[in-house]
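Readers should treat all values here as calculations from the given coordinates under stated rules, not as data from a laboratory. Keep in mind the model is a prediction, meaning the values are calculated, not measured. Positions of Cβ are generated from backbone atoms using ideal geometry, with glycine treated the same way; all protein chains shown enter the neighbour counts.
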Amino acid sequence: MKKVITYGTYDLLHFGHIRLLERAKELGDYLIVGVTSDDFDKVRGKINVQQPLNERVQAVQNTGIADEVIIEEYEGQKIDDIIKYGIDIFTVGSDWVGYFDYLKEYCEVVYLDRTQGISSSQIRDEKRAINLGMVGVPPVLLKYSRECSYVNGVNIKAMCTDDQENYPKNLKCDLVTSDYEVMLAHVDAVYIHSDPVSHYEQVKYALEQGKHVLCESPIALTKDQTKELFELAEKKQVVLMEALKTAHSLAYQRMVVLIKSGRIGRIVSVDATCTSLRDIAGDDTTRFAPKWNSLCSWGPTAMLPVFQILGTKYKEKSIISQFAKERENYDLFTKIDFIYDSAVASIKVGKGVKSEGELVISGTKGYLYVPAPWWKTDYYEIRFENPANNKRYFYQLDGEGIRYEFVAFARAIHKGNTINRISRETSETISSVIEDFYCHKDMKIII
């Protein structure tokens, strides 16, 4: 019996996929189809896959062409599978010609011509295209537009900025304006990275116009405003999502799952530090937005693991801040302690101080350590009393998680609901803490 194996993502299964599978089956007597897992797709750079693994596997099985379906989960698995299943022929589409020649040492390699004019990427672009507008300062617009270019089906149509003089000439879109209302008229959705004080009004107006909104955290500066905006989004049947790129990092997601599995026991402490000196030094990426104080810039990121691991129902909190004399409400440094029934947490954020930007989560069996900068890490480790039991985890991170954030936003729009990387409750609690900061509630000020 001649065995044939092929691999693919099989997202939005179409005639081209089916025809390729049929031709693969014709090469032998028994066809094994490897469907790539979600995590492996991300490692390979396929970040905008629309269907989860179980749906893609089911779609391949429903064709009735494959004799066996397996999951491809890691680099180098093809060689392992060829040996394990006694494969005679490896086959794949002709767009990979030459790439898999190294497998000829193990079996015959056949490249099949693809059906012209049909691809999952084309389907995503044509049927699910989103016209996106962006609001912010030139350096941010440039960075985020570059990351957005990796996401099929999201087209940047308009930019809104007050600093058109410094707008990058190589950043092309249909419209560049300082008029927010004009920009919104040209798009289906908007990404907002403006002065945090402006978030509430800008988000509210966009939602009222029926636009989907991805807003940099914090969504608003009070809990009631944030709650109001989510309720408005529900009423208008549009997506409102908080933009916190760390939440979309694969390493961070796996870390949270590992913590909740009880691997290091019951969690008793979470300590997160996020600092930078760029704004104080006048770095070009931040000097255009002086209203982004330490807490607004770093607070939501630092609070994310606290609220996602320990929950939002803390019993007490205390805020200690040091303010810049020349800037109103601009904290150079802020430390917040949270007390829970059986745990504590502490965050330290600063744009006027520098510290080790690490994350330490302490449990009754061991602890988890994420080195600086933890908010865009591709690595963490768990450590125990016996060092022999320590384990390291590595995950690829592209674009600091920004591109995955846009993928989640696009999926939420297509599916009509928000991908719960950040719960509404977490967003409201983040805004509540920031509100107390501005009201000087539970706060001590150091000189």
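One table, with the values for the structure above:
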| item | result |
| --- | --- |
| Restraint check, Lys236/Lys441; Lys143/Lys317; Lys204/Lys348; Lys78/Lys143; Lys325/Lys441; Lys78/Lys172, Cα-Cα greater than 29 Å | Lys236/Lys441; Lys143/Lys317; Lys204/Lys348; Lys78/Lys143; Lys78/Lys172 |
| Separation of the Glu26 and Glu208 label points, Cα + 7 Å toward Cβ, nm | 6.1 |
| Segment Lys2-Val353, length gained on full extension (0.36 nm per residue, minus Cα span) | 119.8 nm |
| Order of Val4, Val349 under a 10 Å beta carbon neighbour criterion, fewest first | Val4, Val349 |
| For the range 54-72 and the range 211-226, distance of Cα centres in Å | 41 |
| Distance between modelled label sites at Asp174 and Val97, nm, 7 Å Cα→Cβ extension | 3.7 |
| Cα gyration tensor shape of the range 3-121, rounded if a/c is under 1.5, else prolate or oblate by comparing a/b with b/c | rounded |
| Cα-based helix-to-principal-axis angle, 53-62 vs the chain, degrees rounded to 10 | 20 |
| Ascending count of other beta-carbon atoms within 10 Å, so fewest first, for Tyr395, Tyr167 | Tyr167, Tyr395 |
| Of Lys313/Lys376; Lys235/Lys260; Lys211/Lys235; Lys2/Lys104; Lys223/Lys313, those spanning more than 22 Å from alpha-carbon to alpha-carbon | Lys313/Lys376; Lys235/Lys260 |
| Difference of contour (0.36 nm per residue) and Cα-Cα distance, Gln322 to Asn166 | 52.9 nm |
| Ordering of 308-316, 142-150 by burial proxy (mean other Cβ atoms within 10 Å per residue, highest first) | 142-150, 308-316 |
| Label assignment, percent of Cα pairs over 34 Å apart derived from the structure, set (1) 27; (2) 37; (3) 42 | (3) |
| Principal-axis tilt of helix 223-236 within the chain, Cα atoms, nearest 10 degrees | 40 |
| Approximate spin-label separation Glu381-Glu105, in nm, with each point projected 7 Å along Cα-to-Cβ | 3.1 |
| Between 0 and 90°, nearest 10: helix 138-148 axis offset from the chain longest Cα axis | 30 |
| Ranked His440, His199, criterion: other C-beta atoms within 10 Å, fewest first | His440, His199 |
| Sites matching trypsin sites (Lys or Arg not before Pro) across the range 19-109 that sit in DSSP coil, with at most 14 neighbouring C-beta atoms within 10 Å | Arg44 |
| Value at 222 nm in deg cm²/dmol, rounded to 500, when DSSP H runs of n ≥ 4 in the chain each add -39,500 (n - 2.57) | -10000 deg cm²/dmol |
| Among Thr177, Thr246, Thr334: highest mean-square fluctuation, GNM of the chain, C-alpha pairs under 10 Å | Thr177 |
| Cleavage-rule hits (trypsin sites (Lys or Arg not before Pro)) in the range 182-240: DSSP loop, at most 14 neighbouring Cβ within 10 angstrom | none |
| Gyration tensor verdict on the range 358-447 (Cα atoms; rounded if a/c is under 1.5, prolate if a/b is larger than b/c, oblate otherwise) | oblate |
| Straight-distance crosslink candidates among aspartates and glutamates, where the alpha carbon sits under 12 Å from Lys157 and sequence neighbours closer than 8 are dropped | Asp174, Asp188 |
